[in-house]
1. For a 23 Å ceiling on Cα separation, which of these pairs sit above it: Lys43/Lys75; Lys33/Lys98; Lys9/Lys118?
2. What relative contact order, as a whole-number percentage, does segment 1-159 give when Cα pairs under 8 Å and 6 or more residues apart are counted?
3. DSSP loop GluC sites (Glu not before Pro) in segment 63-163 with at most 16 other Cβ atoms within 10 Å of their Cβ, which ones?
4. So with the 1.4 Å probe, I'd like the accessible area per residue for the chain, rounded to whole Å².
5. Using the basic label-point model (7 angstrom from Cα toward the beta carbon), what is the Asp8 to Tyr146 distance in nanometres?
6. I want to check the label-to-label distance for Asp112 and Ala26. Put each point 7 Å from Cα in the C-beta direction and report it in nm to one decimal.
7. Give a quick list of chymotrypsin sites (Phe, Trp or Tyr not before Pro) in segment 101-163 that DSSP marks as loop, anything other than H, G, I, E or B, with at most 14 other Cβ atoms within 10 Å.
8. Among Gln150, Gln101, Gln111, whose mean-square fluctuation peaks in a Gaussian network model of the chain (Cα, cutoff 10 Å)?
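The values are calculated or read from the model by the stated rules, or taken from the named source; none is laboratory data. Note that the coordinates shown come from a computational prediction; the quantities given were computed from them, not determined experimentally. Positions of Cβ are generated from backbone atoms using ideal geometry, with glycine treated the same way; all protein chains shown enter the neighbour counts. Only protein heavy atoms, including side chains, enter the accessible area calculation; ligands, DNA and RNA are left aside. Shrake-Rupley method; radii C 1.70, N 1.55, O 1.52, S 1.80 Å.
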Amino acid sequence: MAIQDPHDKQLREHVIYLLNGGGAHARFDDVVKDLPEELCGRKPNGLPHSAWMLLEHLRLAQRDILEFSRNPRHKSPEWPKRYWPETEAPPSTAAWNKSVQQFHKDLKAMQDLVANPKIDLYARLPWGDGQTILREALLVADHNAYHLGQLLDVRRLLGTWKD
């Protein structure tokens, strides 16, 4: 039986706000815009990832969480190998742009799941082991915030971030 939550609409709005990078979190578009192409594949001294590696990891992990949330037959990629790109630099500008576009598309799809009043945010996903749409949406928001912070640090160390 679905839980009747008098604050359901407000909760959904808060989660969508968080997924957008609201509040104290950096916004995806702000962090990825205007990054010089020649720096997308460069790892700053002392950091293990380039901007491309972080962008692709964000995209791949978000996609996995989204697909798990809506598809009972989804099989997650091999961890950790398939959650990171094979190269430090994007193969092309088009690859970078495609990754950004896919990130947006999948983020919108997660937001649509959260916004759908027919979906019980608290119901356990029958194919999971305790996961709910609410839990998965919060996981996406948390994971994205963490790695966007890393991407922001990459940009700072490469001298391409204006505070």
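1. Numbers: Lys43/Lys75 31 Å; Lys33/Lys98 14 Å; Lys9/Lys118 12 Å.
Correct reply: Lys43/Lys75.
2. Working: 165 pairs, mean separation 54.7, N = 159.
Reported as a whole number, the value is 34 percent.
3. Working: sites: Glu67, Glu78, Glu86, Glu88, Glu136; in loops: Glu78, Glu86, Glu88.
Of the GluC sites (Glu not before Pro), the ones in loops of segment 63-163 whose Cβ has at most 16 other Cβ atoms within 10 Å are Glu78, Glu86, Glu88.
4. Details: 9700 Å² over 163 residues.
Spelled out: the 1.4 Å probe surface of the chain, per residue, equals 60 Å².
5. If labels sit at Asp8 and Tyr146, their model points lie 3.1 nm apart.
6. 2.8
7. Values: sites: Phe103, Tyr122, Trp127, Tyr146, Trp161; in loops: Tyr122, Trp127, Trp161.
Passing sites in segment 101-163 are Tyr122, Trp127.
8. Largest GNM mean-square fluctuation: Gln101.
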